[in-house]
Amino acid sequence: MKLKTDVLLKALNVLAWIVFFGLCIKVGAILFSYFVSIGNPQAARDLYMGLDLHTYRQQNFANYTILVGYLAVLYSMQAYVAFLVTGLLSRINISKPFSEDVAKLMQKISVNILSIWVVAMIHNLHMGILEKSYGFAARYIPGEFIFLAGIVYVIAQMFKRGVEIQSENELTV
Amino acid sequence: MPIIVNLDVMLARRKMQLQELAEKVDITLANLSILKTGKAKAVRFSTLEAICKALNCQPGDILEFVE
């Protein structure tokens, strides 16, 4: 059972690293395409994996820049969360799972996911304004991050309590 | 901490070493040291019983409450 969990944790760690690098590549590709699109507007038709912001580029370069900025910030923050998850998975010790480090990392992850939600909501607000002003078909980012942040926060609080209980158990003679 | 553990006093009275007590009550030396140095957060009744039996004393001889 312990071996199975260890293998699973290692596999999740590898997956988290893959997600992290994937998101870093995504941010880099979007930024690279953006800078290319400054001189070549057609590049805005396919910034990364079919992401088409050409209409916004044609309408107003400032709005286009802000939208690309939102996406770059959003994916960067997601990459950071993936990085924190790799740290979390490497620190988890199955024989003593409740540690101060793990509890703090979980709290950090929940705060960062909440920040992602805030940026996503600001993006959606801006998209809504552009839709009303120029009649663009808005591309909204789903707001489910808030639920994920809430769940991770609750789990982080449970882990903190687990640390206290584990510490008390260790100092019980 | 308000509860003081007077284990070293009882050990001196009974002329017993900590290692010997650890063997008699079947607790590791590390855990007994935690108790002796007052770092323990809790003591099981079974442990207290074993220590009192080994040292031939009452729980009050080992545990003391100070304000």
**Message:** Quick check on the stretch B:8-42: of everything there that is among the hydrophobic types (A, V, I, L, M, F, W, C), within 11 Å of chain A (Cβ to nearest Cβ) and in contact (Cβ under 8 Å) with a residue 12 or more places away in the chain, which residue is nearest to residue A:167 (Cα to Cα)?
**Reply:** B:40
**Prompt:** Could you list, in sequence order, the residues of the stretch A:113-132 that are more than 19 Å from residue A:68 (Cβ to Cβ) and buried (at least 19 other Cβ atoms within 10 Å of the Cβ)?
**Reply:** A:113, A:117
**Request:** Identify the residue in the stretch A:135-173 that is more than 30 Å from residue B:32 (Cα to Cα) and among the hydroxyl-bearing types (Ser, Thr, Tyr) and, among all such residues, is surrounded by the fewest Cβ atoms within 10 Å (Cβ to Cβ).
**Result:** A:140
**Asked** Hey, which of the helices (runs of 4 or more DSSP H) in the stretch A:1-92, taking only ones fully inside, have at least 2 residues that are more than 24 Å from the chain's Cα centre (by Cα) and more than 22 Å from residue A:134 (Cα to Cα)?
**Response** A:2-39
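Each reported figure results from applying straightforward, stated rules to the coordinates on display, with no laboratory input. Just so it is clear, the model here is predicted, and its values are computed rather than measured. Virtual Cβ from ideal backbone geometry, glycine too; neighbours counted across all protein chains shown.
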